[in-house]
Amino acid sequence: MRLDLNLLLVIEAVMLERNVTRAATSLSMSQPAVSNALRRARKLMRDQLFLRVADGVQPTARMLAIWPELHRSLATLRSSITPQHFDPRTDPTGFRLSVTDSLATEAVCGITLKLRETSPYARVAFSFHTNAGSLDGIERGTMDCAVGMFPALPRDIHVRVLRTEHYVCVMRREHPLTQELTFDQFAAGGHVLVTPSGMDLGVIDGWLGLQGRTRTIVAVVNHFADALRIVAESDLLTCVPSGFIDGHGQPLIKQHDLAVRPLPFETEKLTYKLIWHERLHHHPAHQWFRSLVADVCGPPTDVTEPP
C-alpha cells in the first residue's frame, strides 16, 4: 500500500484545520497540491475521508475511526525525531494556547513579553478560551496548552495547578447593598453573569442551587471588564474572581468607583489549571514553554482572603 508519510501529513492537516485552504497554508503547500494529495489518499484508502460543507470539510465515519491512532502515531514519530536538546535562544518553535478571561489581560501580555525576551525566534498564538473549546483544541491538536478551570478532564490530559482564588461581589459605590449584603439580598438582586461560552448559568448559580436558591440574570457578557462597566452605571451586581480585582481589574474599580464585597455565603475556591495533551508531555520545547506560562500565570495565590 503506497500511503507515504506526506499523504498522512496532509490528512492530519486537513483534519485539524477542517479546511483545505488553511491546511495548505499550515503545510506551506499550494491548495492544488493538497487537493491532489487528498485524491491520492482517497483512492488508496477507498474512502472519501472528507466531505465538503459550507465552511470547509467534515470527516467521514471512516476518517473519524482512524483519526485517534493516526494522530497519536504521527505525534509519537515527531517526538522520536525531535532533538532532545532545546535552546530557547535559537529555536523557532511556535506555541498555541488559550487563557481564561479573568487572567488573559495580564497573562497574554506577560507571556508574550517573556517569550520575546527569552526566545526571540519563537512565536505564540492565543485563542479565545472556553473550557469545552480549549479542551477540544488540545485533544484535536490545534492547541498546545490552555489555562482555565476545567472541572473534568480525560485521562490523557495532563494538569498543573497554577493558583487558587475566590469570587467577590462588585457593585457601584452608592449601591444600597454596600453597607450590608445578606444572602437573601444577593439572591434577590439583578446580576450580570460573565461567561465566555454564553451559557446562562455559572459557577455561582451551581453553588446557589446546592442551597435551593436561584438568582436573576439580567445580562450575560463574555468579559469581566464589560460586567464592571455595566454595574458602574446600574444597581446590578456581578461576581468576579479576586485575582482579576487585585490585578488588571483594579484600575477599573478605581475609575468607576466600584465597591467590592465578599459573597454572603460559603463557596469553594476557584482553581486555575494549566492543561496539555500526553503527546506533548515530553517535548522539550513545550516543557520549557509550559514552565514559562506557569511562571506568568501562577502566584500570587489568594491575594486577598474574604473576611
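Structure notes:
- Hits in the range 105-125 - residues which are among the hydroxyl-bearing types (Ser, Thr, Tyr) and assigned to a helix (DSSP H, G or I): Thr105, Thr112, Thr118
- Any hit, the range 142-154, residues being closer than 21 Å to Asp101 by Cα and among the polar types (S, T, N, Q): yes
- Residues of the range 70-97 that are in a helix (DSSP H, G or I), exposed (fewer than 13 other Cβ atoms within 10 Å of the Cβ) and within 25 Å of the chain's Cα centre (by Cα): Thr76, Arg78.
- In the range 25-63, the residues that are under 27 Å from the mean Cα position of the chain (by Cα) and in a helix (DSSP H, G or I): Thr25, Ser26, Leu27, Met63
- Some residue of the range 126-133 being part of a helix (DSSP H, G or I), touching a Gly at 6+ places or on another chain (Cβ under 6 Å) and either of a type in the set (S, T, N, Q) or surrounded by 17 or more Cβ atoms within 10 Å (Cβ to Cβ) (or both): yes
- Here is the figure for the range 184-213: residues that are in contact with a Leu (Cβ under 9 Å, 6 or more places away or on another chain) and under 15 Å from Thr267 (Cα atoms) total 8.
- Qualifying positions in the range 255-307 - at pLDDT 90 or above, among the aliphatic types (A, V, I, L, M), touching a helix residue (DSSP H, G or I) at 6+ places or on another chain (Cβ under 7 Å) and more than 30 Å from Leu181 (Cα to Cα): Leu274, Ile275, Leu292, Val293, Val296
Yes or no, residue by residue, for (1) of a type in the set (Asp, Glu); (2) closer than 23 Å to Leu201 by Cα; (3) part of a strand (DSSP E or B):
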{"residue": "Asp136", "(1), (2), (3)": "yes, yes, no"}
{"residue": "Glu139", "(1), (2), (3)": "yes, no, no"}
{"residue": "Ala146", "(1), (2), (3)": "no, yes, yes"}
{"residue": "Leu153", "(1), (2), (3)": "no, yes, no"}
{"residue": "Val161", "(1), (2), (3)": "no, no, yes"}
{"residue": "Cys169", "(1), (2), (3)": "no, yes, yes"}
{"residue": "Glu174", "(1), (2), (3)": "yes, no, no"}
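- Arg62, sole failed condition from (1) at pLDDT below 90; (2) in contact with an Asp or Glu (Cβ under 8 Å, 6 or more places away or on another chain): (1)
- Of the residues screened, Phe224 is one that is aromatic (Phe, Trp, Tyr), closer than 22 Å to Thr105 by Cβ and either modelled with pLDDT under 95 or surrounded by fewer than 14 Cβ atoms within 10 Å (Cβ to Cβ) (or both).
- Meeting the requirement of 2 or more residues that are touching a strand residue (DSSP E or B) at 6+ places or on another chain (Cβ under 6 Å), the helices (runs of 4 or more DSSP H) wholly within the range 179-280 are 224-232, 242-246.
- Selection status of Gly137, at pLDDT below 95 and crowded, with 19+ Cβ neighbours inside 10 Å: yes
- Applying the criterion of being of a type in the set (Gly, Ala, Ser) and more than 20 Å from the chain's Cα centre (by Cα) to the residues of the range 228-270, the residue that is farthest from Gly298 (Cα to Cα) is Ser234.
- Selected residue [farther than 18 Å from Ile245 by Cα, within 21 Å of the chain's Cα centre (by Cα), modelled with pLDDT under 95 and loosely packed, with under 14 Cβ neighbours inside 10 Å] from Gly209, Gly198, Gly202: Gly198
- Residue match in the range 1-9 (condition: among the acidic types (Asp, Glu), closer than 28 Å to Trp288 by Cβ, at pLDDT below 90 and out of contact with any strand residue (DSSP E or B) (no Cβ under 6 Å at 6 or more places or on another chain)): no
The values are calculated or read from the model by the stated rules, or taken from the named source; none is laboratory data. Remember, predicted model here, so these are calculated numbers, not experimental data. Note: ideal-geometry Cβ built from the backbone for every residue, glycine included; neighbour counts use all protein chains shown.
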